[in-house]
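Worksheet: one structure, shown below.
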Amino acid sequence: MGMINHVGIDVHMDRLTAAVAAEGSKECVYLGEIRHEQPAIKRMVLDLKKSRRHLRFYYEAGSCGYALYRYLTQLGVECVVVAPSLIPKKPGERIKNDKRDARKLARLGRAGELTAIAVPGIGQEAMRDLIRAREDAVRFSVTARQQLLSFLLRHGQRFSGKTNWTWAFYRWLEDIKFDTAEQRVVLQNCVDAVGFAKKRIEILEEQIRELLPDWPAKPIVDALMALRGFDVISAATIVAEVGDFRRFSSAPEFMSYVGLIPSEYSSGNSIKRGTITKCGNRRVRRLLIEGSWAARHAPYKTKHWKRKAQNASEAVCEIAFKAMRRLHKRYYRLAARRKEQCKVVTAIAREFAGFVWAVGIQAHAELEQCAA
């Protein structure tokens, strides 16, 4: 490949700040600022190509997404999207600006100290956008419901039934009457917001189910649905967020990626382990913890489980049933030690992540066999 020019870019919505660190040199040259537009980026790349060295660009993953990565790749240069949380930082470093950030990326890239993230393909990113839109709708629904309940509570209106958001609850809402027109307007507005949020979630879930059969990763979603605790939405979310399970060489590496391993601060003879790290993908971590509550139930091949696993292979179903037995047994072993239930479920989620990785690897292997 020859000598490399390592180019660090600090990315903003309207401008890019660039610096270059040449391999075999200790210097880092500041290139200045350019507009965040394709013609300006192309001119910069053509100018840097005059050195006749291989170019490698680095920028941090952020709100600007992967459009810059794809355009630089299209121009025929190498680009690395860096994980921001894994960039080394000096303890005494207290000055931060765009120029310093660009130089820092270039120097660390030259030293090989930067950690790249897996850039999703266009199809994977499109499905992930759709699934995240549903998550936004769910959060909006939670907020709308909380606002309605808070308004009713302020005025002494309490539902006497067992559970909110049932048909009985909505009939009770219809019977509430306020004396002032202003309060009636507020009540109707809150009820309409809850109804709109519910409808929005239903529409997005329907779109996910309709588009899922045309997604190339559909067989992996079918395989994950064989695991108890997952349905079609949660399985599709995990596949859209993780992408290729083969980029993790082992189950512990996948557990670390989702932040389910214990934190540690040990030195010398002192060993201190704390709560889980909560690093990595929070969406996958949340789904793993939610799915781990199913470990409370006995491991039976119910009709519901058979319907979910009908498109999964025999090898995947074997792994899924093994996960049922092991996680159920471990749940009650930990619960018998009088541990807090949330801690027990978190420990189950860590092992559950290992089975998810195993199913993902098996599904990828089966896809390769079918392609061959």
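We did not get these values from a lab; they are worked out from the coordinates using the rules stated. Treat the numbers as computed from the prediction; the structure is a model and nothing was measured. Note that we place each Cβ from the backbone using ideal geometry, even for glycine, and neighbour counts take in every protein chain shown.
Numbers below:
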{"read-out": "Degrees separating the helix 282-292 axis from the principal Cα axis of the chain, which is the longest one", "value": "40"}
{"read-out": "Between helix 38-49 and the chain: long-axis angle, C-alpha atoms, 0 to 90°, nearest 10", "value": "40"}
{"read-out": "Amide H partners (placed H, <5 Å) of Phe57, local residues excluded", "value": "Val7, Glu78, Cys79, Val80"}
{"read-out": "Within a Gaussian network of the chain (alpha carbon springs, distance under 10 Å), most fluctuating of Ser263, Ser292, Ser313", "value": "Ser263"}
{"read-out": "Relative packing of peptides 214-220, 59-65 - highest average C-beta neighbours within 10 Å first", "value": "214-220, 59-65"}
{"read-out": "In degrees, nearest ten, helix 122-154 long axis to first principal axis of the chain (Cα)", "value": "50"}
{"read-out": "Computed helical MRE - 222 nm, the chain, DSSP H runs ≥ 4 contributing -39500 (n - 2.57), nearest 500", "value": "-18000 deg cm²/dmol"}
{"read-out": "Choice from Asn189, Asn269, Asn97 with maximal GNM fluctuation in the chain (Cα, 10 Å cutoff)", "value": "Asn269"}
{"read-out": "Relative compactness, region 254-300, computed as alpha-carbon Rg over 2.2 N^0.38 Å", "value": "1.50"}
{"read-out": "Distance between modelled label sites at Lys329 and Lys198, nm, 7 Å Cα→Cβ extension", "value": "4.4"}
{"read-out": "Burial ranking of peptide ranges 158-168, 345-355 (average Cβ count within 10 Å, highest at the top)", "value": "345-355, 158-168"}
{"read-out": "Among beta bridges that DSSP assigns inside the chain, antiparallel share in %, nearest 5", "value": "60"}
{"read-out": "Contour minus Cα-Cα distance for Ile117 and Arg139 (0.36 nm per residue)", "value": "5.2 nm"}
{"read-out": "Largest-first principal axis extents, alpha carbons of region 245-372, Å", "value": "52, 35, 24"}
{"read-out": "For region 108-168 and region 267-326, distance of Cα centres in Å", "value": "22"}
{"read-out": "Which labelled figure in (1) 27.4; (2) 22.1; (3) 17.6 is mean projected area of the Cα convex hull in nm², once derived from the coordinates", "value": "(1)"}
